[in-house]
Amino acid sequence: MNDLNDSPVPTAASVTPAAAGPSPWRLSVAPMLDWTDRNCRVFHRLLTRHTRLYTEMVTTGALLHGDQGRHLDFDAVEHPVALQLGGSEPADLAACARLAQRWGYDEVNLNCGCPSERVQKGAFGACLMAEPALVADGVKAMRDAVDLPVTVKHRIGIDREERYDFVRDFVGTVAEAGCEVFIVHARNAWLQGLSPKENRDIPPLRHELVHRLKRDFPQLTIVLNGGIRGDDEIALHLQHVDGVMVGRQAYHEPWQMAAWDGRFFGVPGPAIDREQVQAAWVQHLEAVHRTGRPWPTAMRHALGLWNGVRGARAWRQFWSDHRHRERSPIELAAEFEALRLARTGTAEAA
Ligand SMILES: Cc1cc2nc3c(=O)[nH]c(=O)nc-3n(C[C@H](O)[C@H](O)[C@H](O)COP(=O)(O)O)c2cc1C
């Protein structure tokens, strides 16, 4: 596993060629602020190679005026990986798209779905759905600036606007500017009165509207997002749309992703069993530890690895115990294994 600090900063675009088979957007893990950071994406790559991964949203301001390496560096194993931008000013979006290309991302995605007040003050995120012409300008500016696919992630409506025509016209206008891929979180964003978290649960899901978008725009790539859990559910939606994006379920139940390459891409996945993923992950944690950075911030993404099987709670408790935070993950893994054997031995003897 590469040490994150040692991973080279790509200097030229290295767009992953579109596979001659399933759409590159067939399956993806959603962008999730504070969750889908570099460590999380490296962990997900131990489970699936073909699922598309997205960064957390990065604002154009943070990229243009902040520490670009901190926001943009990633590990080569993360491909295919998309950078998600938050912003609305076309020139800024174009400048950030150029950065995405320089760093070697496979896609640049514009966030038109985030309802947070902070984001609304910056006049981007979900409130951009009320300004399709501005989004179209942003998309055009980005497309003129780079060769990467420029995609948009949005909701089906804002506030109490429930008409299908609203999202259809949004997609139509933005598609005219050259956007060919739309990732649709199938619920409205209520811009007043709900927290971002509530806005991911309370406005009702309307998956059928996303299916309808695909019927009305067959030439576009339409990806459905929102509330998807089981693999059978994914398969069902794939009969109606080009792709499915999974957020919270993938994060909380990561082992589910171990079956995705086989089932949805027709190739064997990288994960043989949880023990093997655990061993590779501990190596990664050790590499993080050796750079002097705290490994628990990486480890939190993997606490769900053993969910659903015996020992899941012991694993979560052991690895989130703050008394361990200064110690070597490799040593800790050996200790955990000894404890596990002692526990199973006792159970068998009893
Ligand atoms: C913790 C968290 C952070 C999120 N951050 C972002 C973000 O940065 N950009 C974005 O477009 N959506 C963000 N989302 C929304 C997800 O991408 C996704 O649209 C939403 O969770 C619905 O999908 P799900 O039901 O499969 O989780 C976030 C969701 C969560 C749970």
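The values are calculated or read from the model by the stated rules, or taken from the named source; none is laboratory data. This is a predicted model, so every value here is computed, not measured. Positions of Cβ are backbone-derived with ideal geometry, glycine not excepted, and every protein chain shown enters the neighbour counts.
Would you confirm, using the coordinates I've provided, whether residue 134 is at negative phi, touching a residue at least 24 places away in the same chain (Cβ under 8 Å) and in a loop (DSSP other than H, G, I, E, B)? Full working, then the answer.
On the way: at negative phi: yes; touching a residue at least 24 places away in the same chain (Cβ under 8 Å): yes; in a loop (DSSP other than H, G, I, E, B): no.
It is false that residue 134 is at negative phi, touching a residue at least 24 places away in the same chain (Cβ under 8 Å) and in a loop (DSSP other than H, G, I, E, B).
When you check residue 90 against the structure, is it more than 13 Å from the ligand (Cβ to nearest atom), in contact with a helix residue (DSSP H, G or I) (Cβ under 6 Å, 6 or more places away or on another chain) and under 21 Å from residue 217 (Cα atoms), yes or no? Lay out the reasoning, then the answer.
Working: more than 13 Å from the ligand (Cβ to nearest atom): yes; in contact with a helix residue (DSSP H, G or I) (Cβ under 6 Å, 6 or more places away or on another chain): yes; under 21 Å from residue 217 (Cα atoms): no.
Criteria not met by residue 90.
Quick one: residue 304 ticks every box in (1) under 20 Å from residue 185 (Cβ atoms); (2) outside any helix (DSSP H, G or I); (3) within 16 Å of the ligand (Cβ to nearest atom) bar one, so which box is it?
(1)
Test residue 104 against the stated conditions and say whether it is on the phi > 0 side of the Ramachandran plot, within 12 Å of the ligand (Cβ to nearest atom) and either among the charged types (D, E, K, R) or surrounded by 16 or more Cβ atoms within 10 Å (Cβ to Cβ) (or both).
Numbers: on the phi > 0 side of the Ramachandran plot: yes; within 12 Å of the ligand (Cβ to nearest atom): no; either among the charged types (D, E, K, R) or surrounded by 16 or more Cβ atoms within 10 Å (Cβ to Cβ) (or both): yes.
Criteria not met by residue 104.
Are there helices (runs of 4 or more DSSP H) fully within the range 179-288 with at least 3 residues that are within 12 Å of the ligand (Cβ to nearest atom) and surrounded by fewer than 23 Cβ atoms within 10 Å (Cβ to Cβ)? List them.
231-237, 248-252
Which members of the range 109-140 meet the condition of being closer than 23 Å to residue 68 by Cα, more than 13 Å from the ligand (Cβ to nearest atom) and buried (at least 20 other Cβ atoms within 10 Å of the Cβ)?
Hits for the range 109-140 are 138, 139.
Enumerate the pairs (first residue in the range 93-121 and closer than 23 Å to residue 190 by Cβ; second residue anywhere and assigned to a loop (DSSP other than H, G, I, E, B) and modelled with pLDDT under 95) with beta-carbon separation below 6 Å, excluding pairs fewer than 6 apart on the same chain, so at least 6 apart or on different chains.
Every condition considered, the pairs that remain are 115/191; 115/196; 116/196.
With the structure loaded, tell me whether residue 42 is in contact with a helix residue (DSSP H, G or I) (Cβ under 8 Å, 6 or more places away or on another chain) and part of a strand (DSSP E or B) or whether it fails that test. Working first, answer last.
On the way: in contact with a helix residue (DSSP H, G or I) (Cβ under 8 Å, 6 or more places away or on another chain): yes; part of a strand (DSSP E or B): no.
Judged against the criteria, residue 42 is not a match.
Here's the yes/no breakdown for (1) outside the structural domain of residue 145 (by TED's automatic domain parsing); (2) surrounded by fewer than 17 Cβ atoms within 10 Å (Cβ to Cβ); (3) modelled with pLDDT of 95 or more:
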| position | (1), (2), (3) |
| --- | --- |
| 9 | no, yes, no |
| 14 | no, yes, no |
| 18 | no, yes, no |
| 31 | no, no, yes |
| 41 | no, no, yes |
| 46 | no, no, yes |
| 50 | no, no, yes |
| 58 | no, no, yes |
| 64 | no, yes, yes |
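To keep it simple, each residue is scored yes or no on (1) within 14 Å of the ligand (Cβ to nearest atom); (2) among the polar types (S, T, N, Q); (3) over 15 Å from residue 280 (Cα atoms).
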{"site": "31", "(1), (2), (3)": "yes, no, yes"}
{"site": "40", "(1), (2), (3)": "yes, no, no"}
{"site": "50", "(1), (2), (3)": "no, no, yes"}
{"site": "54", "(1), (2), (3)": "yes, no, yes"}
{"site": "67", "(1), (2), (3)": "no, no, yes"}
